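Notes to accompany the following structure.
The values are calculated or read from the model by the stated rules, or taken from the named source; none is laboratory data. No experiment lies behind these values; they were computed from the predicted model shown. Positions of Cβ are generated from backbone atoms using ideal geometry, with glycine treated the same way; all protein chains shown enter the neighbour counts. SASA here: full protein model, heavy atoms, side chains in, ligands and nucleic acids out. Shrake-Rupley method; radii C 1.70, N 1.55, O 1.52, S 1.80 Å.
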Amino acid sequence: MVALVSQENMVALVSRTGRHLQRYYKGRRQVVGCIPYRYSEEARELEVLVISSQKSDRMLFPKGGWEMDESITEAASRETVEEAGVRGIIERELGKWSFKSKTHDTYYDGYMFPLLVREQLDFWPEKKFRQRKWMSVQEAREVCQHWWMKEALDKFVSRLTSQQHDDHEEVGHCSLS
């Protein structure tokens, strides 16, 4: 018997490695990442997914190098699958942050995107190296190790809050005639 498996549900179980395809701009390594999120049915609140660093137990959002053979959103999606084992809908960019690496004497430009999670995988490339944890925005803000990711999280929450406000404004302008 032959079983057919859709490639759409397959994930390569190895991460890309090496830096030969990495993008640089004016000497700065280009990195991209996502803030994976969902709305918890139980808690009735927004939750975000954080992952542990490979080098420590400190938490952060998935991010990594943007490579020459992919678009910025393809890179963000790939990094999120590789590091956090989730897939979903990437939304409008939150912004660009410039920062210096703590471990390398080098500067980076980091781009972050919200990702509405639609699928959480049981197996993903870095499962053996990372822990993942859903938590409230406040908890994530407290444990996230990078200042620029905290700023991206704040911008994301602000965007959601203003969208909810706009939605309520539109309802307020409806006439009942």
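So the values come out like this:
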item: For q = 0.20, 0.22 Å⁻¹, Debye-computed log10 I/I(0) when each Cα of the range 71-128 counts as one equal scatterer; result: -0.83, -0.92
item: Estimated vicinal HN-Hα couplings, Hz - the range 113-130 in sequence order (Karplus 6.51, -1.76, 1.60; Gly, Pro = x); result: 10, x, 9, 6, 6, 10, 8, 10, 7, 7, 10, 8, x, 10, 4, 6, 10, 9
item: Estimated inter-spin distance, Y107 and L121, nm [label 7 Å along Cα→Cβ]; result: 3.4
item: Of the trypsin sites (Lys or Arg not before Pro) in the range 75-110, those whose Cβ has at most 15 other Cβ within 10 Å and which sit in DSSP loop; result: R92, K102
item: Whole-number accessible area per residue in Å² for the range 16-132, which is evaluated in the context of all protein chains at 1.4 Å; result: 55
item: Prolate/oblate/rounded call for the range 26-175, Cα gyration tensor, a/c under 1.5 rounded; result: prolate
item: Value of relative contact order over the range 21-112, rounded to a whole percent, pairs C-alpha under 8 Å and six or more apart; result: 32
item: Efficiency of FRET between S136 and E91 - r from beta-carbon atoms, R0 25 angstrom, step 0.05; result: 0.80
item: Chymotrypsin sites (Phe, Trp or Tyr not before Pro) within the range 47-131: DSSP coil, no more than 11 neighbouring Cβ in 10 Å; result: F123
item: Segments 145-152, 33-40 sorted - mean Cβ within 10 Å per residue, highest first; result: 33-40, 145-152
